[in-house]
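Take a look at the structure set out below.
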Amino acid sequence: MTRRGAVPNPATLGVLLQQARLACGMTQQEVAAALGITQAYVSELESGKSSLALTRIFDMMRLTGMTLQATIPHPSAQANPPPPAIPPGGGDD
């Protein structure tokens, strides 16, 4: 069963990121290696630790009436392997 839900703040986003990672069967270390970041940073993201930029994004979303929705597939729906590593800079060439 796929889970869907609103993402009203950074803390909720962190919880959903963790749930999505677990649904993919990945460890924090695997995510960190794929993204080129540290495991500690993945932990911070999942704990909902907010940054000024992220806080302002959610502030602007609330101000404009925008909402953010997340969809987390059921673990059994994760038949595909994890995506390839994202190069530094996000791969926008």
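The values are calculated or read from the model by the stated rules, or taken from the named source; none is laboratory data. Note that this is a predicted model, so its numbers are computed, not measured. For neighbour counting, all protein chains shown are included, and Cβ atoms are generated from backbone atoms with ideal geometry for every residue, glycine included. Areas reflect the complete protein model, heavy atoms only, side chains present, ligands, DNA and RNA absent. Shrake-Rupley method; radii C 1.70, N 1.55, O 1.52, S 1.80 Å.
Among the residues of this structure, Pro82 counts as one that is modelled with pLDDT under 90 and touching a helix residue (DSSP H, G or I) at 6+ places or on another chain (Cβ under 7 Å). Within region 12-63, the residues that satisfy the criterion of being of a type in the set (Asp, Glu) and open to solvent by 50 Å² or more (accessible area, probe 1.4 Å) are Glu30, Glu44, Asp59.
Among residues of region 36-47 that are within 12 Å of Ala11 (Cβ to Cβ), those with a beta-carbon under 7 Å from a residue that is surrounded by 15 or more Cβ atoms within 10 Å (Cβ to Cβ) and of a type in the set (S, T, N, Q) at least six positions away or on a different chain give the pairs Glu46/Gln18. Number of residues in region 40-63 that are outside any loop (DSSP other than H, G, I, E, B) and under 14 Å from the mean Cα position of the chain (by Cα) equals 8.
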